[in-house]
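*Asks:* Pasting a structure here, questions to come.
Just so you know, all these numbers are worked out from the coordinates, no wet-lab data involved. Predicted model, so just to flag it, every value in this text is computed and none were measured. Using ideal geometry, Cβ is built from the backbone for each residue, glycine included, and neighbour counts are taken over all protein chains shown.
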Amino acid sequence: MTIIRSRAGLALIGAALALRAVLVRLTPGYVPHHDDRAYLLHALALVHTHAYPVYHVAGHAVPTAYRAPGWPFVLAIVHAVLGGGLVAPRLVQAALGAAVVAAVGAVSAEVWGRRTALIAMAIAAVSPALVVFGASLLSEPLFAALALASIACALHAHGRVGWAVAAGVLAGAAALTRPEGLFLVLAIALCAGGRRAALVVAVVAALCVAPWTVRNAVVMHAFVPVSTEAGNTLAGTYNEKSLHDARWRDPRLSGLYPAQRKAHRGDEVGNDTALLHAVGRWVLDHPLYPARVAYENGRRLAGAVPTSYSVTSLHVVSLPPWPAPWIRVGLLLVTALALAGACLPAARQAPPGWWLGLALVFLAALMVNGEQRFAFPLEAWLAPLAALPLSRGR
């Protein structure tokens, strides 16, 4: 942990913050139009009604748990403390980007030492994907900061309960920010060193998530650990219209699975369950298609696609197209360095839990949606591996 308090570490964190703040200044016309708008509307509902939003369908109030609550709650706090407008939350997002750089350094130092940690921090500080996508009001920066900070605490625990508790709190917060964080709890627990510490991580994380799960049970009359987005998200990729390009499409806007959505209109949990079952049956009928999804999304996440795809990825997060070439080049460079680093003997110093976390973060994007915003947590996780060839494996 001392790496982030060193002069070099603080300089890199400060540079990361400054670079992200400059990008906010360079994009004054930013207006949320997509997922970023949904998060903001949830936050405003929390501020003005002190509750999650309620939708009205055919005259009936329908509660929602589609969006995980972590990022909307942070945005609501920012709005309540700093006032309205978009500048304050975007600067908070910039600070979260700097926190990701600090967490990358803490994880890298625990596993590979000071030199690798500083190089990994430098890579994370200037990575175009981490800088640019952090300029939109999306949940990925908060999720990456919490997940990596949790891993850092677990690695630092060495069986000590206090650090295991900290890791569990951060892991629970990550799960409340993005649903895939639930699966990361096991990976984080494996990094804690010893059965007792691992159990502490898992129990504390579960206790952090439990109040939201209880809220969902009371409001939605169903068991929903965090979110109801899995069915809709998978339906956007696994459908007839995506067969030719393996790209994600909004099921509502593209008319996908209309029977399921019509049968459960106004029933968010029922709709989620029906879509999950329908997607499962569809995949059984197209057993080779997941391999196509993995191949195409792998290319997209690595930047091995035309720059026009980066333009599209920027459009769906309400950002202008001019950073697209930099994003593509950055993704290609980090991917190449990380692959080279993974082949070095030093890569084997990482504990199994770290590798499991990397695999889970990778698969969450690889098998569902390859829009390059989802490379954000992956790039942060890969930064230490990308640093290994430059640090000579030390």
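*Asks:* Among helices (runs of 4 or more DSSP H) lying entirely in region 289-351, which contain 3 or more residues that are surrounded by 15 or more Cβ atoms within 10 Å (Cβ to Cβ) and of a type in the set (A, V, I, L, M)?
*Replies:* By residue number, 289-302, 324-342.
*Asks:* Something else about it: Only one of 104, 100 is buried (at least 21 other Cβ atoms within 10 Å of the Cβ), under 15 Å from the mean Cα position of the chain (by Cα) and farther than 17 Å from residue 178 by Cβ; which?
*Replies:* Within the list 104, 100, the selection yields 104.
*Asks:* Condition first: free of Cβ contacts under 8 Å to residues at least 60 places away in the same chain, crowded, with 23+ Cβ neighbours inside 10 Å and aliphatic (A, V, I, L, M). Now tell me which residues in region 210-238 satisfy that.
*Replies:* 235
*Asks:* Let me ask something else. Quick one: which of 281, 247 is surrounded by fewer than 18 Cβ atoms within 10 Å (Cβ to Cβ), of a type in the set (D, E, K, R) and out of contact with any helix residue (DSSP H, G or I) (no Cβ under 6 Å at 6 or more places or on another chain)?
*Replies:* Unique residue meeting the criteria: 281.
Each row is one residue, and each column tells you yes or no for (1) under 19 Å from residue 130 (Cβ atoms); (2) in contact (Cβ under 8 Å) with a residue 40 or more places away in the chain; (3) of a type in the set (A, V, I, L, M).
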position	(1), (2), (3)
279	no, yes, yes
291	no, no, yes
300	yes, yes, no
321	yes, no, no
325	yes, no, no
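*Asks:* I would also like to ask the following. Could you please let me know if residue 33 is surrounded by fewer than 17 Cβ atoms within 10 Å (Cβ to Cβ) and within 26 Å of residue 213 (Cβ to Cβ)?
*Replies:* Here the answer is no, as residue 33 does not meet what is asked.
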